[in-house]
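So the structure is just underneath, and the comments pick up after that.
Bear in mind that the values in this text are calculations on the coordinates, not laboratory data. Treat the numbers as computed from the prediction; the structure is a model and nothing was measured. Here the Cβ positions follow ideal geometry from the backbone for every residue, glycine too, while neighbour counts run over all protein chains shown.
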Amino acid sequence: MTPFGERVRSLRDAKGVTLKQMATDLSISSAYLSALEHGKRGQPSPQLVRQICAYFGIIWDEAEALERLADLSHPRVTVDSSGLSAKATELANRLSERIGDLDEETLDRLLTILDAVPPRKTIGVRRVAGRRR
């Protein structure tokens, strides 16, 4: 599951809407919506994110948060560490090897560390067959 898919599912559950009904209301297939929720499909288009925001009446900061989740929800990422330090390359490779072994508590700790460091630039990260804003 992706952060975006998890949030959409929680919004859907809170509103009491079935996946099939939401898909019909948005004029998308229920298979596609299910794949988005389960992380089997890449990032949704900005237009679909806006449709989902309108569907749930989400505006302002909440809408921006959902857009950010969509940006962070590509299930396959590639990290380009060329031009970075040897330690950065090692970290990228070790994380790639071990991410499936990390428990939720460890993932939360790592995310907290990353959140504490202000981003310098977006160069060095790209999404496979995806887009970057």
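A straight chain from Ala54 to Arg109 at 0.36 nm per residue would run longer than the Cα-Cα distance by 16.5 nm. The rule of thumb for compact globular proteins, 2.2 N^0.38 Å, goes into the C-alpha radius of gyration of the chain 1.18 times. Shown in residue order for region 19-33 are the 3J(HN,Hα) couplings computed by the Karplus curve 6.51 cos²θ - 1.76 cosθ + 1.60 at θ = phi - 60°: 4, 4, 5, 4, 4, 4, 5, 8, 6, 10, 6, 5, 5, 5, 4 Hz (x for Gly and Pro).
Computed as a quarter of the hull surface, the mean projected area of the alpha carbon convex hull for region 3-72 stands at 4.0 nm². Residue by residue, region 103-115 carries 3J(HN,Hα) couplings of 7, 4, 5, 5, 4, 4, 5, 5, 5, 5, 4, 5, 5 Hz when phi is fed to the Karplus relation 6.51 cos²θ - 1.76 cosθ + 1.60 (θ = phi - 60°); x denotes Gly or Pro.
In plain terms, the chain from Glu64 to Ile99 could stretch by 9.9 nm, reckoned as 0.36 nm per residue minus the Cα-Cα distance. May I ask you to derive the FRET efficiency for Ala14 and Ala116 from their Cβ-Cβ distance with R0 = 30 Å, giving the value to the nearest 0.05? Result of the calculation: an efficiency of 0.50. Restricting region 49-115 to trypsin sites (Lys or Arg not before Pro) that sit in a DSSP loop and have at most 15 other Cβ atoms within 10 Å of their own Cβ leaves Arg76.
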